[in-house]
Structures are given as structure tokens and as C-alpha cells.
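Structure, as C-alpha cells:
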Amino acid sequence: MVTLKPSHSGHVSVDGVSLYHEVYGEPGTSTTVPLLLIPGAYMGTDSMKPWVSAFADTRTVIVFDQQGHGRTPDTSRELTYPAFADDAAALLGALAVERADVMGYSQGGGVALQLALRHPELVNKLVTLSAAYRRDGWSASVVDDVEDADPTGWAGTAVERAFMAHTPDAVAFDTYLRKMRKFGSDDQNISDAEIRSISAKTMVISGDTDDVRPEHALALFRLRGGGDTDTSTSAVGTPAARLVILPTTHVGIFAQSAVLVPMVSAFLDDETPTVPDLF
């Protein structure tokens with residue numbers, strides 16, 4: 001496992017947002033495509049260290065803080081999935097990365113879907129980890145929790161500490177939390193036709209007791225071309241989509257990097273599973 005020390009880090013000005021990012025390795029010096037990791041809601045680059053560490057010994061890894069998250073200060077701009085996706089595209093451009101594999105967790109998975117839709121030329125492979133493409137993909141309890149969220153509930157948390165580290169302003173933090181509540185309530189509504197139109201091969205990962213309903217993860221997998229036995233690896237190579245369901249929760253699945261990284265890496269590298277000679 002590599003030492004978690006970025007080869008490059010800093011801020012890039014994107015649409016009025018000072019976007020903090022870290023790069024592990026050097027784009028263009030590896031035979032593998034760079035991997036862009038997108039954290040979930042209220043999370044920053046530091047939370048992604050287990051995933052960075054697991055991937056960075058075989059590929060260049062890029063991770064960034066979305067608007068208002070981690071070391072990227074909030075601005076007056078509204079928080080939206082399309083804006084976050086455009087930020088990611090601009091970051092890749094600033095780093096001279098012409099094409100990347102993209103993996104996002106929860107909110108970050110929604111951003112990854114928007115990036116694949118809005119900037120298909122940039123996305124080589126797509127991995128969504130516990131992500132929904134429509135608001136009705138979340139369980140009813142999650143939707144209720146978002147709508148009833150009290151900003152004061154974040155007092156004393158790691159989220160508050162991370163925000164105050166770059167913007168020591170209680171009013172600004174309260175504004176950010178209220179914007180995040182609206183962001184969660186509005187969510188996004190990507191149509192089935194738009195999901196089908198994504199050109200990148202896709203891996204869908206979720207938990208069996210995830211905040212994302214299992215049937216929604218399955219629907220995403222099928223819309224991406226998965227589940228067709230006529231395109232199995234024994235017939236024509238790597239399928240258009242892969243599906244992984246683990247026995248865990250929305251939060252629990254984030255801790256499963258040791259289990260998931262070998263599967264994700266095999267997908268990204270187009271490794272064909274070994275087929276035993278049974279018949």
C-alpha cells in the first residue's frame with residue numbers, strides 16, 4: 001500500500017469556486033487511465049484516503065472537494081449536480097486529463113452520472129457506489145430525514161470542523177447547511193432515456209440494506225445494459241454493465257474498500273473472469 005502523500009495538490013478556480021484537489025501519481029505516466037474519485041455529501045478528500053490508498057499503487061488517482069465541502073469554500077452559487085459535474089470536467093481539463101475512469105460515492109455517484117451525461121468524452125468507465133439517479137431511488141425514510149433535517153444537528157461534528165478550518169464563519173456554515181438541505185430535497189431526476197444514453201461502461205454497487213433501494217440499483221444496472229446473458233464474458237467479452245450487491249448499509253459499504261477494490265479494478269482493467277471448465 002502506498003504512502004498517502006499527493007504528488008500534487010492545490011486549488012483551481014472553476015466558475016467562481018476555488019476547487020481543492022489532490023493528485024496521486026502523474027497523469028500520462030501510467031498505462032492505466034487516471035481514476036477520478038468523487039466523495040459523498042458533507043465529505044471531503046480526507047475521507048477518501050482508504051480508497052486512494054487501495055487504487056494509487058496501480059493508477060493515477062484524482063480526488064477533489066466539491067463546493068462547500070472539505071477545503072473548497074462555499075460561494076453564492078447554488079448547489080446542483082450539473083454544476084458539480086461541470087466543476088469536475090473543468091478540473092480534469094486544468095490537469096490536462098483527456099479521459100478518466102470515474103467513481104463516486106452517494107452524492108458523488110450522482111455527480112459521476114451527470115459527468116458521464118454532460119461530458120461523455122471525458123468518462124472512460126463509470127462506477128457508482130450507493131448512488132441514485134432519481135429522487136424516488138432513495139428509501140422513504142431517507143427522503144423524510146432530508147426534509148426534516150435541522151442544521152443545528154451538525155454542531156460539533158467533523159463536518160463543522162472541516163468547514164470552519166477553511167471558513168471560520170458560523171453564519172456561512174449555517175447557510176451552507178441550509179443549501180445542502182435544499183440540494184438534498186431537490187435531488188435530481190435523470191430520465192431512463194438519459195441513463196441509457198451514457199456511453200461509458202458502468203459498474204453499479206450498492207448494499208442490500210442501502211439507503212438507495214435495491215430495486216433502484218437493479219434498474220440502473222439494467223438501463224446500463226446489464227443482465228443480458230447474450231453478452232456474457234463467455235460469449236463476447238466484458239459486459240456493458242456490472243452489478244455488485246453487498247450485505248451492508250449505505251454507510252457500511254463505504255468501509256468495504258478491501259472487498260470492492262479488486263472487483264472495481266478488474267472492471268476498470270477489462271479483466272475477464274476465469275471460467276472453470278465444468279462441462
* Asked: Do you know which of the residues in region 266-276 that are open to solvent by 20 Å² or more (accessible area, probe 1.4 Å) and touching a residue at least 24 places away in the same chain (Cβ under 8 Å) is farthest from Arg59 (Cα to Cα)?
  -> Val275
* Conditions (1) out of contact with any Gly (no Cβ under 6 Å at 6 or more places or on another chain); (2) over 30 Å from Trp154 (Cβ atoms); (3) modelled with pLDDT of 90 or more; number of the one not met by Val236 -> (3)
* Asked: Is at least one residue of region 40-54 open to solvent by less than 30 Å² (accessible area, probe 1.4 Å) and assigned to a strand (DSSP E or B)?
  -> no
* Where a residue in region 85-96 is without any contact (Cβ under 8 Å) to a residue 40 or more places away in the chain and more than 17 Å from His69 (Cβ to Cβ) and its partner, wherever it lies, is of a type outside the set (Asp, Glu) and buried (at least 20 other Cβ atoms within 10 Å of the Cβ), with Cβ under 8 Å and at least six apart -> Ala89/Leu115; Ala89/Leu122
* Asked: How about region 158-198: which of its residues are hydrophobic (A, V, I, L, M, F, W, C), over 20 Å from Val17 (Cα atoms) and touching a residue at least 24 places away in the same chain (Cβ under 8 Å)?
  -> Ile190, Ile195, Ile198
* **Selection count, region 24-39, where residues are assigned to a loop (DSSP other than H, G, I, E, B) and either without any contact (Cβ under 8 Å) to a residue 12 or more places away in the chain or open to solvent by less than 50 Å² (accessible area, probe 1.4 Å) (or both)** => 8
* Structure fact -> Here the residues within region 184-225 that are of a type in the set (Gly, Ala, Ser), closer than 22 Å to Gly108 by Cβ and modelled with pLDDT of 95 or more are Ser191, Ser197, Ser199, Ala200, Ser206, Gly207, Ala217, Ala219
* Would you mind finding the one in His21, His11 that is in a strand (DSSP E or B), touching a residue at least 24 places away in the same chain (Cβ under 8 Å), surrounded by fewer than 19 Cβ atoms within 10 Å (Cβ to Cβ) and of a type outside the set (Ser, Thr, Tyr)? => His11
* Asked: For Tyr176, which of the numbered conditions (1) over 20 Å from Pro120 (Cβ atoms); (2) open to solvent by 10 Å² or more (accessible area, probe 1.4 Å); (3) among the hydroxyl-bearing types (Ser, Thr, Tyr) fails to hold?
  -> (2)
* Quick one: Ala116 ticks every box in (1) part of a helix (DSSP H, G or I); (2) of a type outside the set (Asp, Glu); (3) touching a residue at least 40 places away in the same chain (Cβ under 8 Å); (4) farther than 21 Å from Ser191 by Cβ bar one, so which box is it? -> (4)
* Structure fact -> Taking region 69-85 and the residues there that are open to solvent by less than 10 Å² (accessible area, probe 1.4 Å) and closer than 12 Å to Pro39 by Cβ, the one that is nearest to the chain's Cα centre (by Cα) would be Phe84
* Asked: For residues in region 243-265 being surrounded by 20 or more Cβ atoms within 10 Å (Cβ to Cβ) and touching a Gly at 6+ places or on another chain (Cβ under 8 Å), which is nearest to Thr209 (Cα to Cα)?
  -> His250
* So Val111, is it out of contact with any Phe, Trp or Tyr (no Cβ under 6 Å at 6 or more places or on another chain) and open to solvent by less than 70 Å² (accessible area, probe 1.4 Å) -> no
* Asked: What is the one condition in (1) open to solvent by 10 Å² or more (accessible area, probe 1.4 Å); (2) of a type outside the set (S, T, N, Q); (3) touching a residue at least 60 places away in the same chain (Cβ under 8 Å); (4) in a helix (DSSP H, G or I) that Glu121 does not satisfy?
  -> (3)
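The values are calculated or read from the model by the stated rules, or taken from the named source; none is laboratory data. Every value quoted in this text rests on a predicted model; they were computed, and no experiment measured them. As a convention, Cβ positions derive from the backbone with ideal geometry for all residues, glycine included, and neighbour counts pool all protein chains shown. To get the accessible areas, we keep the full protein, side chains included, count just its heavy atoms, and leave off ligands, DNA and RNA. Shrake-Rupley method; radii C 1.70, N 1.55, O 1.52, S 1.80 Å.
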